[in-house]
Amino acid sequence: MIKETIKGCRKRQRKSQKKLYKRFYAYGMSITLRYAESRDEAAEILNDAFMKVFTNIKKYDTDRPFKPWLRQIIVNTAINHYHKTKDHLMVDQIDFGDNEIRSEEEILSGITYDEIIEMVQELTPAYRTVFNLYVIDGFKHREIADMLGIAVGTSKSNLSKAKQNLQSILEKKFI
Amino acid sequence: MSDSNQNDPLEKFFQKKAGEYNISYQEKDWRSLEKRLDAVDTQHAARRKRYIAAAVILIAFSAMAYFTYQNQQQIDSLNKQLAQTEELSNPPANNHNRETGQKEPGTPKKGEEQLDESSNISSPNDQKVSVTESIPGQNTVNKKSSPSVERSALDHLAVNSVDCLNCPLTDYHMRFMVDQSGIAPVQLQKSARKEATEKRKTDITLSQSPDLATDDGPRASIGLVAGPDLSTVGGLSNFYDPGFKIGFTFDYNINENFAISVGAIRSNVRYTAEGQEYTPPKGYWDYGIQASQAYGQCILIDIPLNLTYRFMHFDHSRLYASAGMSSYIMISEDYQFQYATNQPGLPRGWKAETGTKHYFSNASFSVGYEVDISRNLSIRAEPFLRIPVKEVGWGNVNLFSVGSLVSLNYQLY
């Protein structure tokens, strides 16, 4: 069924494009919400990503699954957006402290997805991006360093600080 | 795959929670995207219309050229027949039949004198011998091989030199002469004769007909070309500053109508490209931010290879059309970038003397008008269009170019 939709997208049929958008809207937003600071920003990143999808839909190999291809585009778009905004936000880096990372499983299990997103959005763009790329999206530090134009050491450092900050937020809000 | 710490509970927690999303669809987000898609579709439609218009113009032009060529061929054919007819009425000076023979009834005397001086047309029997010798390969009665008509003889019988406006030949007389010569009968009507006579007045003479002119026409020429160049990326719109072309071309004439041309033209190309139309090498946008606009100024050598068709010949000028392929050799490239947001540290430009070669990267089309200003010199005006077949340059752009070249050409041999 998705092949028919993609076929329609290749012909620039608006109906097919909307169908594809609606079908992967939630999935796409679940990625962009983690990279953005707000829902509006997340929607903007998602729309940028889908513009690239529709523009390059002819390059997509229909024999391969669509979701990973879409995910790659969304993540790349999110990183582009990060680069656009990072200089504005460099001064906003807040270090939540050097607490040790501890496990509070009982408390953590009750936290909803939206609350998780809120916590991630409280991180600075640099920490948030590295955290998402490494922990959620599964990239290696070397890959992250290439994508963001930073050193591997910086990527590791940012990840560590992101975790510390998240731990602090968790403790402040839920513990 | 990630080399993450699988035992880190925080990581495991976020990984688990990241998949538990429950996000509701919002129509306003789609409407925002739809506006952007509509804008892109409008651009595509406009581009498609331009291509269709260009194709229609090309087809119409080709059809016009074809019909013009056909008409020209008919005119040439009529001229030849007329010339042969004139030759019958006024044979060459070295023709030995100078006796006045039996006249055809109804032939006025004034016209007769002109005819009888050159051939014994009025006497059928005598006529056969003389006509055989004067008209190549025509008469079946006389088995002698007929000497081919010398070009000088034809020149002598060039239509303009025979004042048949004053020649009171009747249609009957004309048909008789033609029949006796063994030429396929030409049913010359008065109106056709008058029309042929009128056509002679328009300077389209035998001496300038394509078949005869080929022997004396130039085989090759070189030209100095120059002219403005307007270039753009992605389509025939949004032109930037005009550039300039200057260089040399070499033409080799296959025959009167066809020629092959090659050239080396130094081109100063200026264009602007939107972000998505400009694709530098992978990894250049290290910061992940793509320029929203790129301004390019390039020096390149345009090497066109074209086939030229001269579809209309006049006395000292001709109309022609050319089509072929151009190869670009990039000499230097200079780009300036603009961004949607003012970001410090972003690359503002790139320049280098790249020397990259892009063979047969652009299709080339042009029409032109050439005027002879002397025996060996001619001037041409040639509007052109270059359409990309491949991407060129460091930015990998589809480069469109329009302009007009003026050239001074010298016939070599």
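The values are calculated or read from the model by the stated rules, or taken from the named source; none is laboratory data. Please read all numbers here as calculations on a predicted model, not as lab measurements. Cβ atoms come from the backbone with ideal geometry, glycine included; neighbour counts cover every protein chain shown. Keep in mind that these areas ignore ligands, DNA and RNA; they rest on the heavy atoms of the full protein, side chains included. Shrake-Rupley method; radii C 1.70, N 1.55, O 1.52, S 1.80 Å.
Assorted remarks:
- Count - residues of the stretch A:111-155 that are of a type in the set (D, E, K, R), within 10 Å of chain B (Cβ to nearest Cβ) and more than 21 Å from A:Ile73 (Cα to Cα): 2
- Residue check for B:Asn398: in contact with a Pro (Cβ under 8 Å, 6 or more places away or on another chain) and either under 21 Å from B:Val233 (Cβ atoms) or not aliphatic (A, V, I, L, M) (or both): yes
- A:Ile169 vs. criteria at pLDDT 90 or above and part of a helix (DSSP H, G or I): no
- Looking across B:Phe365, B:Phe400, one residue alone is touching a residue at least 40 places away in the same chain (Cβ under 8 Å), open to solvent by less than 20 Å² (accessible area, probe 1.4 Å) and among the aromatic types (Phe, Trp, Tyr). It is B:Phe400.
- The stretch A:12-52, residues that are more than 10 Å from every other protein chain (Cβ to nearest Cβ) and either out of contact with any helix residue (DSSP H, G or I) (no Cβ under 6 Å at 6 or more places or on another chain) or not in a helix (DSSP H, G or I) (or both): A:Gln13, A:Lys15, A:Phe24, A:Ala36, A:Glu37, A:Ser38, A:Glu41
- When A:Leu170 is tested against (1) open to solvent by 10 Å² or more (accessible area, probe 1.4 Å); (2) over 19 Å from the mean Cα position of the chain (by Cα), just one condition goes unmet, and that condition is (1).
- If you check B:Phe244, B:Phe258 for being within 19 Å of the chain's Cα centre (by Cα) and either modelled with pLDDT of 90 or more or open to solvent by 60 Å² or more (accessible area, probe 1.4 Å) (or both), only one passes: B:Phe258.
- Boolean, B:Tyr69 is modelled with pLDDT of 70 or more and of a type in the set (Phe, Trp, Tyr): no
- Once the stretch A:69-80 is narrowed to residues that are more than 13 Å from chain B (Cβ to nearest Cβ) and open to solvent by 50 Å² or more (accessible area, probe 1.4 Å), the residue that is nearest to A:Val130 (Cα to Cα) is A:Gln72.
- Annotation note: of B:Glu333, B:Glu353, B:Glu382, the sole residue that is open to solvent by 10 Å² or more (accessible area, probe 1.4 Å) and touching a residue at least 60 places away in the same chain (Cβ under 8 Å) is B:Glu382.
- Scan the stretch A:114-161 for residues that are of a type in the set (Ser, Thr, Tyr), touching a Leu at 6+ places or on another chain (Cβ under 9 Å) and free of Cβ contacts under 8 Å to residues at least 24 places away in the same chain and the total you get is 1.
- Residues in the stretch A:56-68 that are surrounded by fewer than 18 Cβ atoms within 10 Å (Cβ to Cβ) and away from chain B (no Cβ under 14 Å): A:Tyr60, A:Asp61, A:Thr62, A:Asp63, A:Arg64, A:Pro65.
- Selected residue (criterion: farthest from A:Thr85 (Cα to Cα)) from residues of the stretch A:119-130 that are assigned to a helix (DSSP H, G or I) and over 13 Å from the mean Cα position of the chain (by Cα): A:Met119
- Screening the stretch B:16-31 for residues that are within 7 Å of chain A (Cβ to nearest Cβ) and open to solvent by less than 60 Å² (accessible area, probe 1.4 Å) and picking the one that is farthest from the chain's Cα centre (by Cα) gives B:Lys17.
- Taken as a whole, the condition of being at pLDDT 95 or above and within 14 Å of the chain's Cα centre (by Cα) does not apply to B:Leu319.
- Single residue of A:Phe50, A:Phe24, A:Phe54, A:Phe66 found to be within 26 Å of A:Met1 (Cβ to Cβ), in contact with a Cys (Cβ under 8 Å, 6 or more places away or on another chain) and modelled with pLDDT of 90 or more: A:Phe54
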